[in-house]
1. Is the stretch 37-44 home to any residue that is in contact (Cβ under 8 Å) with a residue 12 or more places away in the chain, closer than 29 Å to residue 138 by Cβ, in contact with a helix residue (DSSP H, G or I) (Cβ under 7 Å, 6 or more places away or on another chain) and surrounded by 18 or more Cβ atoms within 10 Å (Cβ to Cβ)?
2. Return the only residue of 81, 59 being farther than 29 Å from residue 170 by Cα, touching a helix residue (DSSP H, G or I) at 6+ places or on another chain (Cβ under 9 Å) and part of a strand (DSSP E or B).
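The numbers here are math on the coordinates, done by the rules we state, and not lab data. Being a predicted model, the structure only gives us computed values, none of them experimental. Note that we place each Cβ from the backbone using ideal geometry, even for glycine, and neighbour counts take in every protein chain shown.
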């Protein structure tokens with residue numbers, strides 16, 4: 001979804017000097033990205049997780065929010081995009097949805113939103129941690145969990161409280177664990 005400097009300002013036509021029959025896909029991507037950005041400025045509690053414009057002009061917008069995402073939020077963002085695109089120039093389909101409950105966390109704001117939930121975190125160094133997200137800001141998280149370990153003296157095991165701080169830039173993947 002990147003536009004290259006060489007493409008900026010390039011004029012597209014059918015070859016006969018008349019207006020184009022269609023908008024090239026990369027131009028549609030740029031327009032959709034700008035429309036999403038404008039719509040999210042009007043809804044500061046929402047943030048973008050994913051934006052995809054496929055080769056068949058299927059627009060997928062995945063959102064999350066500091067307090068969740070409602071159906072009316074999705075409708076508002078969808079309308080802000082759809083009402084500013086011309087179907088006479090470009091045929092498209094649009095889907096605006098919220099991030100799923102078990103979707104990987106990709107935005108630092110998602111960690112803050114999910115405080116108190118259980119996460120599985122894989123770091124770039126290959127470590128995996130499962131625990132309750134006790135603290136989170138835009139730079140680091142703190143996970144806590146209980147583990148059974150051998151007693152320092154004598155036989156048997158005892159329960160200990162474990163804690164791990166992880167910088168967000170060191171996280172390879174993090175998912176919410178849903179417990180029933």
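1. So far as the stretch 37-44 goes, yes, one or more of its residues are in contact (Cβ under 8 Å) with a residue 12 or more places away in the chain, closer than 29 Å to residue 138 by Cβ, in contact with a helix residue (DSSP H, G or I) (Cβ under 7 Å, 6 or more places away or on another chain) and surrounded by 18 or more Cβ atoms within 10 Å (Cβ to Cβ).
2. After ruling out the rest, the residue left standing is 59.
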